[in-house]
Amino acid sequence: MKVTDLTHIIHSDMPVFPGTEQPIFEKANTLGNDGFHEAKITMYSHTGTHIDAPAHMLSNGPYLDNFNIEHFIGDATILDFSDRKMKLIDVDSLKSYEEKIKNVEFIIIKTGWSKYWGDKKYYEDFPSLSEESAKWLSEFNLKGIGIDAISIDDIESTTFAVHKILMPKNIIIIENLTNLDSISKEYFILSIMPLKHKNADGSPVRAISIENI
């Protein structure tokens, strides 16, 4: 068994979605004063490697805590677009992967953009799904769609149409994945366990892949 961490580390100087505040770590207790260490952490629910619940953008959408735990783990595969120079991933580009998509519960769109984490280019020109592609993918029996970029929508989008096409089908969206090059198998198990709190519109996750070796 091979386990790979697909998660960016959370820290106070990390990249965040434009307009979002970076996380804050404060020493609440110290060994010297209290005999133990404890920190107070303040951050947005969509910080770092995270998942979006339908409630993130739909008024009647479920929160993460409304899903059964099985919704956050399952068979997965990668759709590799890292060598293609495209701004929008169209349906024709996806159709060559159709048989793979039918065999899994999660797909990960590999753009190669995680290599720009910490650089301003991370926010620019990454491939994202077209609305037609999102509609096509929404017809599959998928639990979630992930990407190794800041968003599954174009960074300039103000309507977040791709999110809103996928979310009514209870397809959760995983953003800011990394280390996809470390996955060698065509199919693997993806685990993206969120924090369990009330009315979770999203949550940072410890995303991992599990491969049978």
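The values are calculated or read from the model by the stated rules, or taken from the named source; none is laboratory data. Predicted model only: the values in this text are computed from it and were never measured. Ideal geometry is used to build each Cβ from the backbone, glycine not excepted, and the neighbour counts take in all protein chains shown. These area figures cover heavy atoms from the full protein model, side chains too; ligands, DNA and RNA do not enter into them. Shrake-Rupley method; radii C 1.70, N 1.55, O 1.52, S 1.80 Å.
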Original post:
Lys85: which lysines have alpha carbons under 23 Å from its alpha carbon, excluding same-chain residues fewer than 8 sequence positions away?
Top reply: Lys95, Lys100, Lys110, Lys115, Lys120, Lys121, Lys135
**OP:** List the relative contact order of the chain as a percent without decimals, with contacts defined as Cα pairs under 8 Å and 6+ residues apart.
**Re:** 32
**OP:** Would you work out if segment 142-202 is rounded, prolate or oblate? Take a ≥ b ≥ c from the square roots of the eigenvalues of the alpha-carbon gyration tensor; rounded if a/c is under 1.5, else prolate when a/b is larger than b/c, oblate otherwise.
**Re:** oblate
**OP:** Describe numerically, in nm with one decimal, the distance between label points set 7 Å from Cα along Cα→Cβ at Lys185 and at Ile10.
**Re:** 2.8
**OP:** Using amide H atoms built 1.01 Å from N in the peptide plane, name the residues 5+ places from Ile172, or on other chains, whose amide H lies under 5 Å from its own.
**Re:** Gly144, Ile145
Original post:
Tell me, in nm to one decimal, what length is gained between Glu156 and Ile210 on full extension, where the rule is 0.36 nm per residue of separation less the Cα-Cα distance?
Top reply: 16.1 nm
Subject >> Where segment 67-213 is the region considered: accessible area per residue in Å², 1.4 Å probe >> reply: 47
Subject >> Expected 222 nm ellipticity per residue - DSSP helices of 4 or more, -39500 (n - 2.57), all of the chain, to 500 >> reply: -2500 deg cm²/dmol
**OP:** Keeping the other protein chains in place, figure out the carbon and sulfur percent of the accessible area of segment 1-142, with a 1.4 Å probe.
**Re:** 48
Subject >> In order through segment 178-194: 3J(HN,Hα) via Karplus (6.51 cos²θ - 1.76 cosθ + 1.60), integer Hz, x for Gly, Pro >> reply: 8, 6, 5, 5, 7, 8, 9, 8, 5, 10, 7, 8, 10, 10, 9, 6, x
Original post:
If we sort 195-204, 37-46, 137-146 on the protection proxy, mean other Cβ atoms within 10 Å, highest first, what's the order?
Top reply: 137-146, 195-204, 37-46
Subject >> Glu98/Glu131 FRET efficiency (R0 22 Å; Cβ-Cβ; nearest 0.05) >> reply: 0.75
Subject >> segment 8-64 - convex hull of alpha carbons, volume per residue in Å³ >> reply: 114
Original post:
How large, in Å, is the chain by the Kirkwood hydrodynamic radius built from its alpha-carbon pairs?
Top reply: 17.8
Subject >> Relative contact order [Cα under 8 Å, 6+ residues apart], segment 97-154, whole percent >> reply: 53
**OP:** Determine which aspartates and glutamates satisfy two conditions relative to Lys2: a Cα distance under 13 Å, and not lying fewer than 8 residues away in the same chain.
**Re:** Glu211
